[in-house]
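Heads up, the thing below is written out as structure tokens.
The values are calculated or read from the model by the stated rules, or taken from the named source; none is laboratory data. Given the structure is predicted, the values throughout are model-derived calculations rather than measurements. Counting neighbours? That spans all protein chains shown, and the Cβs are built from the backbone with ideal geometry, glycine included. Areas reflect the complete protein model, heavy atoms only, side chains present, ligands, DNA and RNA absent. Shrake-Rupley method; radii C 1.70, N 1.55, O 1.52, S 1.80 Å.
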Number of protein chains: 4
Amino acid sequence: MVKVVGILGSLRPDSYSALALQQAIERVQALGAEAEILDLREMNLPFCDGGSEYPNYPDVELLRSKVKAADGLILTTPEYHGSVSGVLKNTLDLMSFEHLSDKVTGLISVLGGQSNSNALNTMRIIVRWVHGWVIPEQIAIGQAWQAFDTEGKLKDEKLAERFDAFAQSLVDNSIKLKK
Amino acid sequence: MVKVVGILGSLRPDSYSALALQQAIERVQALGAEAEILDLREMNLPFCDGGSEYPNYPDVELLRSKVKAADGLILTTPEYHGSVSGVLKNTLDLMSFEHLSDKVTGLISVLGGQSNSNALNTMRIIVRWVHGWVIPEQIAIGQAWQAFDTEGKLKDEKLAERFDAFAQSLVDNSIKLKK
Amino acid sequence: MVKVVGILGSLRPDSYSALALQQAIERVQALGAEAEILDLREMNLPFCDGGSEYPNYPDVELLRSKVKAADGLILTTPEYHGSVSGVLKNTLDLMSFEHLSDKVTGLISVLGGQSNSNALNTMRIIVRWVHGWVIPEQIAIGQAWQAFDTEGKLKDEKLAERFDAFAQSLVDNSIKLKK
Amino acid sequence: MVKVVGILGSLRPDSYSALALQQAIERVQALGAEAEILDLREMNLPFCDGGSEYPNYPDVELLRSKVKAADGLILTTPEYHGSVSGVLKNTLDLMSFEHLSDKVTGLISVLGGQSNSNALNTMRIIVRWVHGWVIPEQIAIGQAWQAFDTEGKLKDEKLAERFDAFAQSLVDNSIKLKK
């Protein structure tokens, strides 16, 4: 059984990143994976100060143990200033090789404007740095304000198919690459 | 008179990034610039939630007004996971075009291991995205734990000369590009 | 008087990159700059072998002297495989710091599919590496096959305005940064 | 049986990239893989003109068929101007999804100066774009002129161990990810 953790890298109350991640999570679950979202809006995490101990923040330990126990990871970020959100990057900074290495990771970015791969590229280099794998299938949702219907489903069928392929690749390759 | 603001993107108590930024700031001051450090360890900034108002955090306004009033900017980050620190990226996320555009920006990264330009590249793309200028002179300090003497000066003369050229370029080109 | 050289990084007979570069060149000329296109389809350049001498290829010297004499540079590439074209990169490989440093450079990429900034980012890092300046204004033309009318003019007014701002910035800042 | 093709992205007569690639190839062979080097110095390849047919250059077909038949790929480049060599990028431009997708790829860069990951990052984004996999283990050899002994072996044991891990990962994961 493959375990997938999705990290939601947006703190916005009505986050399109949350909708996007939900779409991915439902799909990996439909493929038989156990999947869970770590919603940074509901976690109390500090800014990383370069150290490894955060005794006043039990959510740091929760984050680390959940991610460490996962086979697959989904990183979802709004693209802020042509890159990953600070809050998502900070969440990654709170973890180290022992939590992140060897995970099979899928990347999703969400933009208000035209679709772009800046944030995806940044995340790909970061995940490589912690010795994770990144699946080739990646998703950038442009003009996210018109991408979802009122039930949070994807309006565009092509985009929905990209999510299908994304989830399939994440689950299949988490199994294949599992040690 | 050129005004330069340096943002210290590390929260570590004994931060080598702080020492590096101090070296740059002293040099731009020696060239006649007015210069100031925004030390994130001494500011109380929230995680960016995608909105623009943070009424409970007056330091957001302080950050924005200081940066807006500057001609030149120095961004200093420890390289975490092959990229910019989350806390620095979050600080940038709290600002927008009106604060960051047209600034002439210099980039410094500090690493425990071998020197690399991953974090510098990330910052360069980010600053471009907010329509800032980035000077070609950039500094990555590898093995930062042995780069400074007990008084915080640079031990390596070649590196010190790179700081000289960095400061000179920042000041000269802030003047040239000023509207 | 500002001198601008545009390098056309496509060898395709009916190149959209050529149309895009033409649009930029006309605009910098209208602003009073002297401008010229180096069309790689009409030059006989070898693959760079890591050496600096290419006695059998007089166009190497032509390339180098033209670029060296310019204040501003426009690099235009089709986006191939999410990056700069090999032929443009090879052309840059044939030059060195003495030809490329301190140039004020504008970047244009042309794609068949959706607009993206992968090739632009690659070029930005390359130009920095040779100590050139890159203007913040950059242009990625997506779905280039429908971007131009039969006379080679831009159909989309917003895109035409981006070219206006691109040309203005290139000329203005070439003057400002000129030593 | 895993088949690996290594592409040598340097045309320099005494290429350190060739020595580096040789080290990797020997190791994957020792692990039971069938491995072959495509030495661009010995192939007659044209500049890519955006088309797919090169009837006067039979080596294009050779390149494509060799790469298509491989499970694993090693891309080796000298870092020119903070990026991949033009000649290697051009070689990739001559191929398409049908040749490059799904390959498990390892990346090596060779520099005269200090080690850096610019060219590696560029290649990682390119390989992703053609839907290939890139192993997390990557190698940048700095100051390549002092990295090899007279028999072409690696002088530094740590670096040799990185090659061991690189080869092991390439072979193991080519098997795991093979469809």
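Points worth noting:
- For D:Met1, solvent-accessible area (1.4 Å; no DNA, RNA or ligand), Å²: 150
- Burial ranking of peptide ranges C:142-149, D:169-176 (average Cβ count within 10 Å, highest at the top): D:169-176, C:142-149
- Within the accessible area of chain A (1.4 Å probe), percent carbon and sulfur: 48
- The range C:15-70 and the range A:100-134 have their alpha-carbon centroids 36 Å apart.
- Starting from the label point of A:Asn56 at 7 Å along Cα→Cβ, the same points in the other copies fall at 1.5, 7.2, 7.3 nm, in ascending order.
- Chains D and C together bury roughly 2400 Å² of accessible area, counting both sides, with a 1.4 Å probe on protein heavy atoms only.
- Equivalent ellipsoid semi-axes, chain C, via Cα gyration tensor eigenvalues times 5, rooted, Å: 24, 19, 15
- Partner chain coverage, peptide A:92-99 - average Cβ within 10 angstrom: 2
- At an R0 of 51 angstrom, the distance between the Cβ atoms of D:Glu98 and C:Asp102 translates into a FRET efficiency of 0.75.
- Projected label points at C:Leu62 and A:Glu36, each 7 Å from Cα along the beta carbon direction, are separated by 6.7 nanometres.
- Formal net charge of residues neighbouring A:Ser83 (Cβ-Cβ distance under 11 Å; K, R +1; D, E -1): +2
- Think of each Lys and Arg Cβ as +1 and each Asp and Glu Cβ as -1; about the Cα centre, that makes the dipole of chain B roughly 440 debye.
- Average accessible surface area per residue within chain B, 1.4 Å rolling probe, Å²: 39
- Here is how the number arises for chain A: DSSP H runs of 4 or more residues each give -39500 (n - 2.57), the sum is divided by the residue count, and the result at 222 nm is -12500 deg cm²/dmol.
- Cα shape, the range B:85-179, gyration tensor, a/c 1.5 rule: oblate
- Scanning chain B for DSSP H helices at least 18 Å long along the axis (C-alpha atoms) with a Kyte-Doolittle mean no lower than -0.5 picks out B:16-30, B:157-177.
- Summed residue charge, Cβ within 13 Å of A:Leu62's Cβ, Lys/Arg positive, Asp/Glu negative: -2
- Distance from the B-onto-C rotation axis is smallest for the Cβ of the chain B residue given, in whole Å, as B:Lys176, 2.
- Residues in the range B:67-91 occluded by at least 50 Å² - accessible area, probe radius 1.4 Å, against chain by itself: B:Tyr80, B:His81, B:Gly86, B:Lys89
- Nearby aspartates and glutamates by direct alpha-carbon distance to D:Lys153 (threshold 18 angstrom, same-chain neighbours under 8 apart not counted): D:Asp14, D:Glu26, D:Glu161, D:Asp164
- The overall shape of the protein assembly as shown is rounded: from the C-alpha gyration tensor, with semi-axes ordered a ≥ b ≥ c, the ratio a/c is less than 1.5.
- For C:Lys155, inter-copy label distances in nm, listed shortest first [label point 7 Å out on the Cα-Cβ vector]: 2.3, 6.1, 6.3
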